[in-house]
1. Among T424, T395, T431, which is the only one that is open to solvent by less than 40 Å² (accessible area, probe 1.4 Å), farther than 19 Å from E207 by Cα and among the hydroxyl-bearing types (S, T, Y)?
2. If you go through the range 306-326 one residue at a time, do you hit one that is more than 24 Å from R142 (Cα to Cα) and of a type in the set (S, T, N, Q)?
3. Looking only at the range 312-345, count how many residues are more than 13 Å from the chain's Cα centre (by Cα), crowded, with 23+ Cβ neighbours inside 10 Å and over 21 Å from G14 (Cα atoms).
4. Give just the number: which of (1) out of contact with any Lys or Arg (no Cβ under 9 Å at 6 or more places or on another chain); (2) away from the ligand (no atom under 16 Å from the Cβ); (3) open to solvent by less than 50 Å² (accessible area, probe 1.4 Å) does V125 not satisfy?
5. Out of the residues in the range 274-299 that are open to solvent by 10 Å² or more (accessible area, probe 1.4 Å) and within 15 Å of the ligand (Cβ to nearest atom), state the one that is nearest to F6 (Cα to Cα).
6. Among P146, P164, which is surrounded by fewer than 18 Cβ atoms within 10 Å (Cβ to Cβ) and within 16 Å of the ligand (Cβ to nearest atom)?
7. Can you name the residue in the range 16-28 that is within 15 Å of A319 (Cβ to Cβ) and of a type in the set (G, A, S) and is also nearest to the chain's Cα centre (by Cα) among such residues?
8. Would you pick out the residues in the range 47-85 that are within 22 Å of the chain's Cα centre (by Cα) and farther than 20 Å from G222 by Cα?
Amino acid sequence: MTKYDFDLFVIGAGSGGVRASRIAAGHGARVAVAEEYRVGGTCVIRGCVPKKLLVYGAHFAEDLDDARRFGWTLEGRRFDWATLRDNVLAEVDRLNGLYQTTLDNNKVTTLLGHARLLDAHHVEVDGTRYSARTILIATGARPFVPDVPGAEHGITSNEVFHLPELPRRMVIAGAGYIATEFAGVFHELGTDVTLINRSDTILRGWEPALADRLLTISTAKGISFKLNCKLERVEQTDAGLVLHFVDGKTIETDVLMWALGRVPNIEGLGLDAAGVALNEKGAIAVDGENRTNVPSIFAVGDVTDRVQLTPVAIREGHAFADTQFGNKPWTVDYRAIPSAVFSNPPLGSVGMTEAEARNAYGQVRVFTSDFRPMKNVLAGRNERALYKLVVDASTDRVVGAHMIGPDAPEILQAVAIAVKAGLTKAHFDDTMALHPTMSEELVLMR
Ligand code: NDP
C-alpha cells in the first residue's frame, strides 16, 4: 500500500502542467491533473494558437490587395467573420481533444474541477480529497483588468475569439504583445482600430528601432494610437461604449479590449492553507528547480511570472518532471529566449537589445539592414523591413538579433540557434547568402 493516492498531483492542464504530467507518468509516476476550464490551457484554448490562426485569416486581406499587382483579378471578394471564428474554434476543439488523448494515453487521471490545496500533501477537487507525495501548481495567468469604473464593459483576449460579429470600431487598451497583435488582425479585417496606452512606448522592452518601425507602419495603414493617456471611466450608451479620459476627451467604440498584461492565477488555490509564499510580483516564488518554500510543492509557467511564454512553461514542466521523477536533474537555461510579436508586420527578437548590450559589454558594434522586401516593391506596398544585429566588440559574438518584416518570426527562430550557440559576426559574414530571400540580409550586413 502506498501512502499517497498519487505520486504527483498537477493543478492546471496548460502547457506546463500537461508536459509535466506526461513526462512524470512516463517515468512511472502515478499522476493526476486537475483542470477547471479546458485541457490545453491559455496557449491552445485562448492564446497563441487561435491568435495565430486569426493572424493568418486576417492577412489574406493584404495578400488579396497585393495580388492585383501580380496579375490576379479578384471579383466578389468578401469576408465572413463567423466562418473564420467557427473554423478557428473547431481547431481549438480538435487540439483540446488531442491534449486529453495525450493525458489518457499516458495514464494520467484527469479531474475536471477547481483544485484547492489543503496542506503540503492534500488537494481537494470539488469536495473530493486527494493525497499526493508531490504537488505541481501550473495554473497560469489571466488578463489584468484595471480598476476603472465601467471596466466590466470591456472584454479581454479570453472573449475576443468568440465575438458574435466583427466590430465596426474597436479600442484596445495596452501596447504590448496582445494589443499590437490584435490591432493588426482587426484592422486587416476592416475594423476601425484605436490603440490606447498609458505611456508613449509601444512594445516596451523590445529594440526601440523595431517598435518605432511598427508604429510608423501601423499608423500609415490607418491604425490610430492615443498614447500618454489615462482612462477615467467607461460608459455604456445606446451608441456603444464611451471611453472618458482624464484630459476630458472621449472615444466612442463598439468593443473595448483590455490587453494590459497578465496576472498569475493564485486565487482560491489554498496557498495560505499550504503555506506557499509569493514573490514581490504576487506570483508563486520558486527556486531554480521550480520548488516553492514548501518542499513538496512546486510551480511552473505563468503562475511563477518568470518568462510568460509557452515554450518556457513547457521546458519548466519537463525539467521538473525529469528532475523529480526521472532521476535526470536539469534546469531551464533562460538565456537567449527567442520571442515574436505576430503584429502586421511581425517582429522577432533574440538576445540583447543594443542598450542592454552596451550596459553588459561596454563596446558593441551594431549592424542594420533597412530594406523594402522584393514582394512589397512589386506590390507597391511601401513597407520597409528592418534587421539589426548587436555584436559584442571584444569577442565578435552576435549577442542580439532583432527583426521586423514579413516572416520575421520564422526567420528569427533559425537565427536564435546561432545566437544561442555564441556564433560570431565573422561566422555570419562567412555564410553564403541564399538569394533571393529576405533572410540573406543577415549575412550581408557590413
Ligand atoms: P504586455 O506586458 O506585453 O503589455 C502590457 C501593456 O499594458 C503595456 O503597453 C503597458 O504599458 C500596459 N500596462 C501594463 N500595466 C498597466 C496598468 N496597470 N495600467 C495601464 N496600462 C498598463 O502584456 P500583454 O497583455 O500584451 O501580454 C502579456 C504577456 O503574454 C506578454 O508579456 C507575453 O509574455 C505573453 N504573450 C506572448 C505572445 C507571443 O509570444 N507572441 C503573444 C501574447 C502574449 P507600458 O508599456 O507603458 O508599461
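1. The conditions single out T424.
2. yes
3. 2
4. (1)
5. Per the stated criteria, the residue is G282.
6. Values: P164 fails: within 16 Å of the ligand (Cβ to nearest atom).
Only one candidate qualifies: P146.
7. Applying the first criterion (within 15 Å of A319 (Cβ to Cβ)) to the range 16-28 yields 16-24, 26-27.
Retained after the next criterion (residues that are of a type in the set (G, A, S)): 16-17, 20-21, 24, 26.
On the way: G16: 14, G17: 17, A20: 20, S21: 22, A24: 26, G26: 28 Å.
That would be G16.
8. G47, C48, V49, P50, K51, K52, L53, L84, R85
The values are calculated or read from the model by the stated rules, or taken from the named source; none is laboratory data. Just so it is clear, the structure is predicted and the values come from calculations on it, not from any experiment. Note that each Cβ is placed from the backbone with ideal geometry, even for glycine, and that neighbours are counted across all protein chains shown. Protein only, heavy atoms only, side chains kept; ligands, DNA and RNA dropped before computing areas. Shrake-Rupley method; radii C 1.70, N 1.55, O 1.52, S 1.80 Å.
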